[in-house]
Amino acid sequence: MFSFHSLHSLRIPIFMYHQVVECAERAKTVRATNPAYTVTVELFREQMAWLSSNGYQAHTLAELITPGFSSPKGVVITFDDGWSDNHANALPVLREFGLKATLFVVTGFVGMPGYVDWTRLREMASSGFSVQSHTVSHRPLETLKQEEVGEELDKSKKTLEDRLSMPVDFVSMPQGSWNRRIIDCAHGAGYLGVCTSEPGYRHRMGATAVFSRINIADRMPIGSFARISRMDRGFLLPVLLSTRLKRAVRAFLGHGFYRRLYRLRY
């Protein structure tokens with residue numbers, strides 16, 4: 001079984017993006033999603049330009065788990081869900097600055113309105129994107145039975161590998177829901193690493209690595225983005241406090257009721 005004990009750690013900022021949109025969600029009368037999980041194309045280009053002009057290199061998760069990995073000015077760029085704007089808006093910017101990224105795909109969403117299809121996924125994979133799993137249905141894994149967790153992890157991995165003819169070794173936890181049981185299941189399914197939504201720069205390496213990530217929000221100024229890239233510990237404190245508060249509220253209300261309130265708001 002997987003254990004958190006006796007693992008060495010690695011420090012590198014991992015950015016968590018979702019959508020890259022033309023018009024800010026906060027400017028819309030009817031919002032499609034949580035504004036904090038979207039950035040405008042303009043903001044995204046400014047951030048990628050900052051990385052490029054300051055000598056930063058974008059890595060894949062596979063590079064991070066390579067023995068002896070070191071990158072003083074390294075970052076990891078990830079996207080969750082598989083939105084179609086990742087192809088339409090993010091990919092051209094990443095190409096412009098020669099940066100690579102990881103896309104976590106919900107296989108059950110592929111081809112649905114607003115999400116990438118298999119043709120575009122293959123194009124992204126051939127353009128420097130590492131396409132990895134975000135499960136089949138995006139359900140919070142902590143709420144599922146053992147066999148359901150196994151199916152979410154196994155089926156999404158196999159589907160992506162079969163359709164894209166490339167290895168799928170990493171999975172992102174839907175809705176930030178995970179625990180040791182889930183990590184054990186991911187290990188059993190053959191994943192080499194799990195991405196969480198826990199903010200931090202330090203990651204636990206082992207048979208199945210556990211990665212922290214920092215959400216890049218819609219109103220984040222370039223100065224804050226720079227602080228994250230430089231792994232400024234002072235920047236993380238309010239983020240950590242906010243995350244712990246949300247976790248406490250979710251634990252008190254229950255995951256299902258918390259998600260209903262979330263959907264009602266956004």
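The values are calculated or read from the model by the stated rules, or taken from the named source; none is laboratory data. Just so you know, these numbers come straight off a predicted model, no measurement behind them. Using ideal geometry, Cβ is built from the backbone for each residue, glycine included, and neighbour counts are taken over all protein chains shown.
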Item to check | Those residues of the stretch 216-226 which are crowded, with 17+ Cβ neighbours inside 10 Å and part of a helix (DSSP H, G or I), in sequence order | outcome: PHE225
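Listed here are the residues, each with its yes/no results for (1) in contact with a Cys (Cβ under 6 Å, 6 or more places away or on another chain); (2) charged (D, E, K, R); (3) at pLDDT below 95.
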residue: GLN175; (1), (2), (3): no, no, yes
residue: ILE228; (1), (2), (3): no, no, no
residue: LEU236; (1), (2), (3): no, no, yes
residue: ARG259; (1), (2), (3): no, yes, yes
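Could you list, in sequence order, all residues of the stretch 108-124 that are among the small types (Gly, Ala, Ser) and surrounded by 17 or more Cβ atoms within 10 Å (Cβ to Cβ)?
Across the stretch 108-124, the qualifying residue is only GLY108.
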Item to check | Qualifying strands (runs of 3 or more DSSP E) (wholly inside the stretch 21-107; at least 1 residues being in contact (Cβ under 8 Å) with a residue 12 or more places away in the chain and surrounded by fewer than 17 Cβ atoms within 10 Å (Cβ to Cβ)) | outcome: 57-59
Next on the checklist: Take the conditions buried (at least 18 other Cβ atoms within 10 Å of the Cβ), out of contact with any helix residue (DSSP H, G or I) (no Cβ under 9 Å at 6 or more places or on another chain) and either closer than 19 Å to THR102 by Cβ or modelled with pLDDT of 95 or more (or both) and apply them to ARG213. Does it pass?
Outcome noted: yes
Next on the checklist: On the basis of being among the polar types (S, T, N, Q), touching a Phe, Trp or Tyr at 6+ places or on another chain (Cβ under 6 Å) and modelled with pLDDT under 95, does ASN86 make the cut?
Outcome noted: no
